Structures are given as structure tokens and as C-alpha cells.
Amino acid sequence: MKYYSTNHQSDKVSLSEAVVRGLAPDRGLYMPEKIPTIPAAFFKHIGEMTLEEISYVVANTLFGEDIDSSILKKIVSETLNFNIPLKKVDDNKYSLELFHGPTLAFKDVGARFMARLLGYFNSQEGSEEVNVLVATSGDTGSAVANGFLNVPGVNVYVLYPHGKVSRIQEAQFTTLGANITAIEVDGTFDDCQALVKSAFMDAELNEAMKLTSANSINVARFLPQMFYYFHAYAQLVASGVKGNEVVVAVPSGNFGNICSALIGKRMGLPIKRFIAANNRNDVFYQYLQTGQYTPRKSVATIANAMDVGDPSNFARILDLYGNSHANILSDISGCTYTDEQIAETINATMKENGYQLDPHGAVAYRALCEHLAPGETGIFLETAHPAKFKETVENITGTEIGIPDRLSAFMKGEKRSVRMSAQFPAFKKYLLSRQEKA
Ligand SMILES: *Cc1c(COP(=O)(O)O)cnc(C)c1O
């Protein structure tokens, strides 16, 4: 299967090229040339299948032409070495708990899949090591670092702003060692991003070492996210819920998660409609209301992984629906909530249902509470464990939240980082010195 750019200027490329490049040369996002459908028979038996079995069928439908089936099976199996349970929260409302992976957030799925796919494609090409650069304000760095940990032939450099990342988050990428190097930059997240961008544009550096990015626009990070929507549907069917009126609410920031589900629907997944749930960063919601897309600077909220003012995957959604506002409205509605509403939802849901939401999941759960029609069944995505936002959640509820063992295990590790100024020459010199040693 070939992948085209949403800007339609660059040539179509193979899957391996799309994964290694990340972004197309014309700055567009790669999309699969065809969206294959899964035969209806698959959905008749989906309730009897495991997460791994379902994911393999979906992965094989998308990537089967490009990867040997035994290798794809192994990648799927290693990616999904944790559960993604669907839990009933209230009548007709279910939580898809995406926080049972190594870093307790849904980004584990895409990061783990991409790491293994990149490792595989790189080993096909020869022995040269590939270096992944990633700038993080917290969550992405931990998912990518843990996803790529010990993947042969791949080195990861996580750049993060000194003093601006929570201790829990920092521990998740500074204590790993092996092929993961944490670079602690004296500057802001924007400085980290600028260093990464300069590195990709530096001819001498690119000559000396193979560089790539692992940000969320990569097809190998975004497409595998559809696996768990198929599995969520399967769990509904298995629990005896009739699956023809299913509505899915997705807490959205860069819109990669919801976009993978929209492609899943195109492949045959019987979801009736989607709700894109926003915090106050609501440019997509405004687009749905007006047909005008007006990017803005993001504002800080308590659901901070969704503080995005110009979602990169908007281009993919437009492309998928032929640039038609009406077509988009037929599948997706939106909503937007303030911090006060998010806090209120967290407290009310604990009181009435005994369920602890995190600030991101709370946005989506509230969307279901307000917008589910009679006869519909709602699934919302719990995109991270509430303990990842311990202080925020405790301030809202006034109750301490326990830290899961695998999160506290990170806190026991020894922090190792390389302190660096935000000046590009120093970063470049450092990368080149690492390359010489290798
Ligand atoms: C990244 C993230 C989101 C937003 O996902 P997108 O794919 O960018 O829309 C939502 N919740 C949490 C906890 C996240 O880390």
C-alpha cells in the first residue's frame, strides 16, 4: 500500500518511507492510499476474539501487503502486552480504560507499535542505527521512551525542559538507561522543539547520522490506535449489548486518536457516530459550528494533554471527508468544557458512580452524559490514569489517589540526564560525539 500526502504535492511513498520520514516533504501528513474494508463476517464473531486477535486482523488489513505476517503478528503481540478493558460506569455508558500500559496513557499503544515497526524497517535496510529525536512537555516523552526501550538498532533522545516537567513524568524517561538518553534543556518546551527542528534541518548532522522523529503525526503511531476501538466494540457485543447504536466520545487535542477511529469506521467498524470532546481549546468545536477553521494559541487547562490550538490531524479529517463540512458533521459532533465543568464532572461521577475519572476522560464522559440519545450506547475513552495528574485530581476531590506500582517503580530508579543549554551548536556537538563513540 502506498501513502499520499494530505497536501498532494509530494510523491506517494511506501509504508517504510512514510514511517521513517514522519512528515511528507510538502509538510503534509501521510494517509493510506486506499482504505480497505474488513469483511462483515469478521464482525459476526468479534465478540469471541481477544484484543490481540482482533488487532492482528485490523493490522493485517492495513499493513499486510508491506510486512511479513509472522513479523506483523509479533509486533502486534509485543505492542499489546496489557489489557484495555471496557468498564460500565452508568446505564449505557462505558469507559474504555487505556491506561493499563507501561506509562499509563493511551499513547503507549502507538509508541510501542511504531518503535517495533521502525526497528524492523531499519533492520531491513542494513545495520546503520537510527536516532529518534523527541521533544516533550511530559507525556509523549514517557510513552516514546518506554515504547522504544531496548528496540535493537534504535537510539532515542528525549529533550525536555529543565524544571518544567512533573517528577513522575521525568522519572518515566530519565531512569531507563539502555538506548534511551534524556536531555535536560535549560529552556522551555518550545526551545526543545526548536532544537529538534534545527537538527532535522542540519545537513552535516543528517550526513553523519540517520535521524527521525516519533511525533504523533507518524502513520505508525496514529493508525494502530484504531485497534482498541474494534476491541471496545467487541467487548460491548460480548457483554450482550446490541451494537448498532454505538456512540464514541474521544477526549481530543491533536485529533490523532479520533482520526484513527474515523478510519476504522470507514473500514467497517459499526460505530454510529463520534463526539470530539474538547477542553477550552476548542478550534475544532468552533469549526463544526461555523465551517471556519481558525487556529489559535493554546490556553492552559487542567486537561493539559489536550491544550492544542492548531490540531495537526485536522488536515487528515478534512481529507478523509473530502473537505466537506457537511460530511464531517454527519459523523462527528463536538463539545467544549471549562476547567470548572471538568472538576464538577470528576466529583459528581465519583459520588454517583464510584468511578474515578482523570481530567481528560472527564471531558468525554460529560459529553456522553449530555449528548447521548435514547437507544444509544456510549463509550468514552479514559486516555490516562488519574494518578498521572495526581495533584490536579487531588485538588479537585480532596482525596488522595494511590499511585499504581508500575508508576511508583519509575520513581525508585536513578535519574540520569544530560544537562544542556538551549543553543543548537552544543546539541549538535553532543550528538556528533555520541555518533563517533558508537
Ligand atoms: C495526548 C492525549 C490526549 C489527546 O489525544 P490526541 O490524539 O492528541 O487528540 C488526550 N488525553 C491524554 C491523557 C493524552 O495524553
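The values are calculated or read from the model by the stated rules, or taken from the named source; none is laboratory data. Quantities reported herein were computed from a predicted structural model and do not represent experimental measurements. Reconstructed Cβ throughout: ideal geometry from the backbone, glycine too, with neighbour counts over all protein chains shown.
Quick notes
- Total residues in segment 423-438, condition surrounded by 13 or more Cβ atoms within 10 Å (Cβ to Cβ), at pLDDT below 95 and assigned to a loop (DSSP other than H, G, I, E, B): 0
- With respect to (1) more than 12 Å from the chain's Cα centre (by Cα); (2) modelled with pLDDT of 90 or more; (3) within 16 Å of the ligand (Cβ to nearest atom), the lone exception for S137 is condition (2).
- In segment 345-363, the residues that are more than 11 Å from E382 (Cα to Cα) form Cβ pairs under 7 Å with partners that are in a loop (DSSP other than H, G, I, E, B), at six or more places apart or across chains, as follows: T345/L357; I346/L357; T349/Y355; T349/L357; M350/Q356.
- Test: V165 is within 16 Å of the ligand (Cβ to nearest atom) and within 26 Å of D282 (Cα to Cα): yes
- Some residue of segment 53-64 being part of a loop (DSSP other than H, G, I, E, B) and either under 22 Å from K107 (Cα atoms) or over 23 Å from the mean Cα position of the chain (by Cα) (or both): no
- Condition broken by L176, with the remaining ones in (1) touching a Ser or Thr at 6+ places or on another chain (Cβ under 8 Å); (2) surrounded by 21 or more Cβ atoms within 10 Å (Cβ to Cβ) satisfied: (1)
- Residues (of a type in the set (S, T, N, Q) and either over 26 Å from A234 (Cβ atoms) or surrounded by fewer than 24 Cβ atoms within 10 Å (Cβ to Cβ) (or both)) located in segment 376-393: T377, T392
- Entirely in segment 296-408, the helices (runs of 4 or more DSSP H) that have 3 or more residues that are at pLDDT 95 or above and either in contact with a Lys or Arg (Cβ under 7 Å, 6 or more places away or on another chain) or over 25 Å from I35 (Cβ atoms) (or both): 339-353, 359-371, 390-397
- Filter result for K297 (within 17 Å of A249 (Cβ to Cβ), out of contact with any Ser or Thr (no Cβ under 8 Å at 6 or more places or on another chain) and surrounded by fewer than 21 Cβ atoms within 10 Å (Cβ to Cβ)): no
- Looking across segment 356-382, the residues that are out of contact with any His (no Cβ under 9 Å at 6 or more places or on another chain) and of a type in the set (A, V, I, L, M) come down to L357, A362, V363, A364, A367, L368, L372, A373, I379.
- The residues of segment 11-25 that are at pLDDT below 95 and over 19 Å from the mean Cα position of the chain (by Cα), listed by number, are S16, E17, A24, P25.
- Subset of segment 65-82 [closer than 27 Å to N146 by Cβ and surrounded by fewer than 18 Cβ atoms within 10 Å (Cβ to Cβ)]: D66, D68, S69, S70, I71, K73, K74, S77, E78, N81, F82
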